[in-house]
Amino acid sequence: MEVLNTQIQTLLARKEQALNLRQLKSINALQASEILINGNKLINFASNDYLGLSQHPLLKERAIKAIEQYGVGCPSSRLISGNLELYEQIESNIARLKGTQAALVFPTGFQTNLSVLQALSKLNAFFFCDKLCHNSILLGAQLSNKAFTRFAHNNIADLKRLLDKESNKNNWIVTESVFSMDGDIACIDNLRNLAKKTNCHLYIDEAHATGVFGKNGMGLVSNPEKTTVIMGTFGKGCGSFGAYIACSKPMRDFLVNYAAGFIYTTALPPAVLASIQAALEIIPQMVSQRQELLQTSARLRDEINQIGFNTGQSNSQIVSILLGDNELALSLSQYLEENKIYARAIRPPTVPENTARIRLSLSAIHSNLDIERLITVLRNWYAS
Ligand SMILES: Cc1ncc(COP(=O)(O)O)c(C=O)c1O
């Protein structure tokens, strides 16, 4: 035990020295635009609840009704006795909204990426992942006996160069549509064209596009080619929890049989399923909220850039202030908190070396006053 503790302490000390130690903060209450920490109310710019749906009356009402009807848990896997009818309603809604033959709900986005990519490796897949893909994608690809490589971020020429070198028949291009940490957007049309030309399959993670982008708010990719697999989450823009795959019918059947993160896990609680279903009803109608959210994000980016900060290639509701240095990122995060604004410093390895940042995520329920306050505090820090 002593040896183990020493090993742990060595690793943690290394992280602390690099100003990289992760620590949990206790939260008393949470909303998309407000957070209560140690009894202090702060404006929350660190939530992925992009439409504020986690507090929406219809989601709450449906969740409560589902608890009354089914109970709080569904203590079995879907393949045993947990496949509540609610699952099938959600899946047919997702397939309709995404324009795919089928859909499959998973417990979490992390589990989805990990286990779907692992399952695809049983079909001799070789993965070409964007360098900035989420950890769950990279881990999933790594489970494929190293049949993966990474292309320079959003760089079609680099992807093409790598594809030209690979003669494998089942090549998969893997990307996020809206990147979680940089808030920039993948060149989806170019990727679709390249995939077609090179006979590749596409795997697109829409975790941060869901709720915010697309005609019906369900992301940037719809009516995809049959060889495309789309992944999305319900725990961010949908305000609930869980994730889905939208795909062809044969792919769905394959995943039900081969995706370990689907097979060997307990079904989602009924309240979660009912709130997802409510979110899917509301989101297509929230056109003006989406437009306003993206306009506010553009205005915030402009203001932040005018102060002198660098927001990189952000083109969405995720606006990162790139600082490069861990100490600087921590110091700005602390200053914001002292001034009643909550936004976390994001450091390597979550983001690449020397790109420590403050990640700001906007929600449709932030007020103009919230945004003005953020800009004023950032201006004061920059000037100090
Ligand atoms: C791009 C991306 N994919 C997947 C996930 C994982 O989703 P979940 O939180 O539902 O596990 C995240 C979560 O942060 C993400 O940012």
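Below, the figures for the structure above:
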quantity	calculated
Subset of Lys15/Lys146; Lys98/Lys215; Lys98/Lys160; Lys236/Lys340 violating a 21 Å alpha-carbon distance limit	Lys15/Lys146; Lys98/Lys160; Lys236/Lys340
Nitroxide proxy distance, nm - points 7 Å out along Cα→Cβ at Ile67 and Asn124	5.2
Chain lengthening between Lys215 and Asn199 when straightened (0.36 nm per residue, less Cα-Cα)	3.0 nm
Selected from Asn44, Asn28, Asn354 as most flexible by GNM, with the chain as the system and alpha-carbon contacts under 10 Å	Asn28
Cα Rg, Dmax (largest Cα-Cα span) when computed across segment 279-384, Å	14.5, 47
Cα-based shape type of segment 57-118, given that a ≥ b ≥ c are square roots of the gyration tensor eigenvalues and the cut on a/c is 1.5	oblate
Pair Asn83, Gln23: separation of 7 Å Cα→Cβ label points (nm)	4.8
Length gained when the stretch Glu292-Thr149 is fully extended (0.36 nm per residue, less Cα-Cα span)	47.7 nm
Taking His153, His366 and counting other C-beta atoms within 10 Å, the order from fewest to most	His153, His366
Phi to ³J(HN,Hα) by Karplus 6.51 cos²θ - 1.76 cosθ + 1.60 over segment 339-350, Hz, x for Gly, Pro	9, 6, 10, 9, 8, 8, 6, 10, 10, x, x, 4
20 Å-binned pair-distance histogram of the chain (Cα, whole percent)	27, 57, 16, 0
Mean-position separation - Cα centroids, segment 80-108 and segment 1-62, in angstrom	30
Residues Ser222, Ser167, Ser363, Ser180, sorted so that the one with the fewest Cβ neighbours within 10 Å comes first	Ser167, Ser222, Ser180, Ser363
Rounded if a/c under 1.5, otherwise prolate or oblate - segment 71-284, Cα gyration tensor axes	prolate
Sorted by Cβ density within 10 Å, fewest first, the residues Trp172, Trp381	Trp381, Trp172
Reachable aspartates and glutamates, given that their alpha-carbon falls under 16 Å from the alpha-carbon of Lys197 and they are not under 8 places away in the same chain	Asp158, Asp164, Glu166, Asp189, Glu225
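Coordinate-derived values only; no laboratory data. Note that the coordinates shown come from a computational prediction; the quantities given were computed from them, not determined experimentally. In this analysis, Cβ positions are derived from the backbone assuming ideal geometry, glycine residues included, and neighbour counts consider all displayed protein chains.
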